[in-house]
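S.K.: Just dropping this structure here.
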Amino acid sequence: MKTPLPSSRNFFSAIAIIKKLSLAVFMALFCFNSLYADANTSPGYKSNRLGRPGKKNAAIIKGPNQFAGPTISYYGSPKTYIAGTAISPLAPTISGGVADAPAYSSSTTTLGSGFNIPAGIAVDAAGNIYIGDQNNNVVKKIPGGTGTPVVIGSGFNTPDGVAVDAAGNVYVADDGNNLVKKIPVGGGPIITLGSGFLQPFNVAVDAAGNVYVADRGNNAIKEIPIGGGAVITLGSGFTTPTGVAVDAYGNVYVADFGNSAIKKIPVGGGAPITIGSGFSTPFGVAVDGSGNVFVTDYGNKQVKE
């Protein structure tokens with residue numbers, strides 16, 4: 001028995017379907033090729049495919065080097081480092097732009113006037129500056145950007161050190177009155193903190209609001225806990241401490257003027273540790289966010305790190 005042949009109608013219908021499928025595949029490949037060529041022939045892109053001449057790219061809009069940034073390299077060839085050998089600072093090589101680095105002007109600007117032996121100074125996050133104006137017996141504020149000093153507290157007797165907390169409260173070592181005082185942010189009555197000080201010369205405040213005092217006449221460093229409570233003596237063995245600072249962890253640093261030393265009182269207490277030598281009657285001390293300690297070395301007429 002012979003297998004019947006398909007009818008001519010079915011045969012030509014199959015051919016028509018194949019033609020339609022071929023046309024669809026061809027159009028899909030054509031469109032894909034056009035998009036690929038357009039996307040990959042934008043300025044700065046190298047390709048072995050050619051786009052269609054004269055066709056504008058509607059998907060990618062980019063001018064020459066529109067998004068190009070500087071190229072920064074810290075060495076031209078691999079470096080070898082040996083254990084125990086100091087590493088020289090790496091100086092970047094820059095092309096196509098400039099490196100964003102802080103720069104300081106060699107000139108200075110006078111901020112305000114009318115001071116009489118300005119002593120302690122502090123600055124808050126907004127750029128306001130606070131000064132202990134010793135012989136005028138006041139504390140002044142230079143609002144950020146204005147340069148016009150404003151008296152924010154009076155009734156002091158030789159105010160020396162000042163500090164400011166994150167909220168804007170100002171703390172004052174009121175040397176001549178043997179007191180430590182707080183000027184609340186926004187004004188209000190001045191508050192006396194603690195007691196038993198003798199010629200307090202400098203103050204510092206930590207992130208929690210605890211206040212540290214260089215109690216010069218008592219040869220001590222003291223802490224006034226946040227919220228009040230008994231004043232705490234930290235460490236011992238100081239002679240006429242004049243500078244005090246505290247880092248982000250709560251370690252306290254002391255300019256031990258009479259002992260020509262810089263000392264650290266570990267967080268939580270403990271015996272003070274001498275962390276530097278070669279000083280001559282160091283006067284002030286400060287610490288940055290990385291833990292580097294800076295010293296005004298009074299006797300040697302230097303600033304040291």
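The values are calculated or read from the model by the stated rules, or taken from the named source; none is laboratory data. Because the structure is predicted, anything quoted here is derived from the model rather than measured. Neighbour counts are summed over all protein chains in view; Cβ atoms, including those assigned to glycine, are modelled from backbone coordinates with ideal geometry. These area figures cover heavy atoms from the full protein model, side chains too; ligands, DNA and RNA do not enter into them. Shrake-Rupley method; radii C 1.70, N 1.55, O 1.52, S 1.80 Å.
S.K.: For the range 93-252, what is the accessible area per residue in Å² when the probe is 1.4 Å?
M.R.: So the range 93-252 comes to 48 Å² accessible per residue, rounded to a whole number.
S.K.: Still on this structure, please answer the following. Which distance in nm do the two modelled labels at Phe294 and Ile87 give, with both placed 7 Å along the Cα-to-Cβ direction?
M.R.: Taking the two extended label points, one gets 2.5 nm.
S.K.: While we're here: Carbon and sulfur together cover what percent of the accessible area of the range 226-283 at a 1.4 Å probe radius?
M.R.: The C+S portion of the solvent-accessible surface of the range 226-283 is 57 percent.
S.K.: Can you tell me the length gained on complete extension of the stretch Thr110 to Ser236, counting 0.36 nm per residue apart and subtracting the Cα distance? Walk me through the numbers on the way to the answer.
M.R.: Working: separation 126, 0.36 × 126 = 45.36 nm, distance 3.98 nm.
Result: 41.4 nm gained on full extension.
S.K.: Whole Å is fine, so just give me how far the alpha carbon centre of the range 101-170 lies from that of the range 236-295.
M.R.: If you average the Cα positions of each part, the centres end up 23 Å apart.
S.K.: Could you work out the Rg to Rh ratio of the range 209-305, with Rh taken as the Kirkwood radius (inverse of the mean 1/r over all Cα pairs)?
M.R.: Working: Rg = 12.6 Å, Rh = 13.2 Å.
My calculation of the ratio gives 0.95.
S.K.: By accessible area of protein heavy atoms, probe 1.4 Å, what ranking do Ser107, Ser280 get, highest first? Present the calculation step by step, with values, prior to reporting the outcome.
M.R.: Numbers: Ser107 80, Ser280 40 Å².
Most to least solvent-accessible, the answer reads Ser107, Ser280.
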